[in-house]
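Below: the structure, in structure tokens.
The values are calculated or read from the model by the stated rules, or taken from the named source; none is laboratory data. From a predicted model like this one, the values you see are computed outputs, not experimental measurements. Note that each Cβ is placed from the backbone with ideal geometry, even for glycine, and that neighbours are counted across all protein chains shown. Note: accessible area is taken over every heavy atom of the protein model, side chains too, but ligands, DNA and RNA are not part of it. Shrake-Rupley method; radii C 1.70, N 1.55, O 1.52, S 1.80 Å.
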Amino acid sequence: MLDDRKLAVLRAIVEDYVSTNEPVGSKALAERHNLNVSPATVRNDMAALEEQGYIAQPHTSAGRVPTDKGYRLFVDKLSQIKPLSGAERRAIETFLAGAVDLDDVVTRTVRLLAQLTRQVAVVQYPALSQSTVRHLELVPLTDRRVMFVLITNTGRVEQRVIELPETIEESRVAHLRAVLNACLDGCGLNRVPEQVSDLPERLPVEDRPAAATILSVLLETLVERHEEKIVFAGAANLAGADFTTGLRDVLEALEEQVVLMRLLGETSDMPTALTVRIGSENPYTGLRGTSLVATGYGSGARLGVLGPTRMDYPVTMGAVRAVARYVSQILAAS
């Protein structure tokens with residue numbers, strides 16, 4: 001275990017390196033931080049930190065930089081999540097509250113996170129398997145055409161225009177709507193097929209052709225959107241970063257939906273907890289030079305920020321936590 005003085009020196013090294021992107025020397029530390037010890041003592045503490053693997057010397061200069069192990073100790077013990085200012089919180093709330101549907105919420109969220117953190121923002125769509133039916137709407141357009149709208153508890157809205165096999169009166173459309181909602185309200189989307197399997201037989205004969213057509217569209221909609229989806233933004237923010245594995249490797253990994261899905265999924269042992277995975281803790285070779293800060297939102301989905309290990313962890317952690325909280329509130333109220 002490190003004593004308080006060495007911990008203070010490590011904190012100062014991390015903060016200075018994140019701020020300047022330059023290896024940190026003992027003289028600079030003694031001048032910029034109120035450590036209340038001589039430069040010689042700082043040098044001895046830095047030597048001890050280097051011996052224990054918390055910092056390293058990248059060049060022959062006197063400066064040192066944090067290692068993944070050093071960042072881990074900083075995140076676990078030394079950093080405090082920086083709360084957003086009142087103005088930042090109001091701006092987030094206003095920006096996200098203007099969203100009109102789930103796609104808009106996700107798009108706004110990923111843009112907002114990228115802007116707040118100057119990193120790559122990654123947002124996972126809520127999984128269909130964890131969503132339930134909130135409401136089904138059937139809107140007559142003509143005597144043989146209806147607008148079908150499916151709304152889930154996570155805010156997802158799916159709509160289709162359906163051509164019916166025969167003409168149908170508005171009163172019968174209203175009856176079908178009522179029957180469908182009574183059958184599916186609160187039903188998990190993965191249970192919808194079994195729930196509606198015998199529904200046409202429970203309807204009057206004259207309504208069965210229309211019901212069969214509508215149910216066919218409903219099931220096709222669930223199949224089309226069954227796969228979970230990841231959206232990211234802010235890749236340009238990586239242009240000025242230094243990566244041990246190279247920027248090309250990072251960008252290629254970002255293009256792989258499967259990699260991003262697994263990356264977020266592996267941080268979900270505690271869905272609402274803020275998780276930080278640093279550098280070599282990442283199992284994907286192309287992302288070994290990055291850190292991921294992630295948390296859950298809504299019903300089992302996750303969002304986060306990916307950037308170089310030299311990131312401002314307190315600010316990034318504060319932004320990720322705040323945005324996730326606001327998104328969850330908006331989806332719950334939608």
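Check every one of the helices (runs of 4 or more DSSP H) wholly within region 1-96 and list those with 2 or more residues that are of a type outside the set (Phe, Trp, Tyr), in contact with a Gly (Cβ under 6 Å, 6 or more places away or on another chain) and open to solvent by 30 Å² or more (accessible area, probe 1.4 Å).
It comes to 68-73.
Among the small types (Gly, Ala, Ser) and surrounded by fewer than 19 Cβ atoms within 10 Å (Cβ to Cβ): is that true of Ala99 in this structure?
On the way: among the small types (Gly, Ala, Ser): yes; surrounded by fewer than 19 Cβ atoms within 10 Å (Cβ to Cβ): no.
Judged against the criteria, Ala99 is not a match.
When the residues of region 120-171 are filtered to those that are in a strand (DSSP E or B) and of a type in the set (Lys, Arg), which remaining residue is modelled with the highest pLDDT?
The selected residue is Arg145.
So Arg172 passes all but one of these: (1) open to solvent by 60 Å² or more (accessible area, probe 1.4 Å); (2) more than 29 Å from Asp104 (Cα to Cα); (3) among the basic types (Lys, Arg). Which condition number does it fail?
The number of the failed condition is (1).
Open to solvent by 40 Å² or more (accessible area, probe 1.4 Å) and in contact with a helix residue (DSSP H, G or I) (Cβ under 9 Å, 6 or more places away or on another chain): which single residue out of Glu194, Glu201, Glu220 fits that description?
Result of the check over Glu194, Glu201, Glu220: Glu201.
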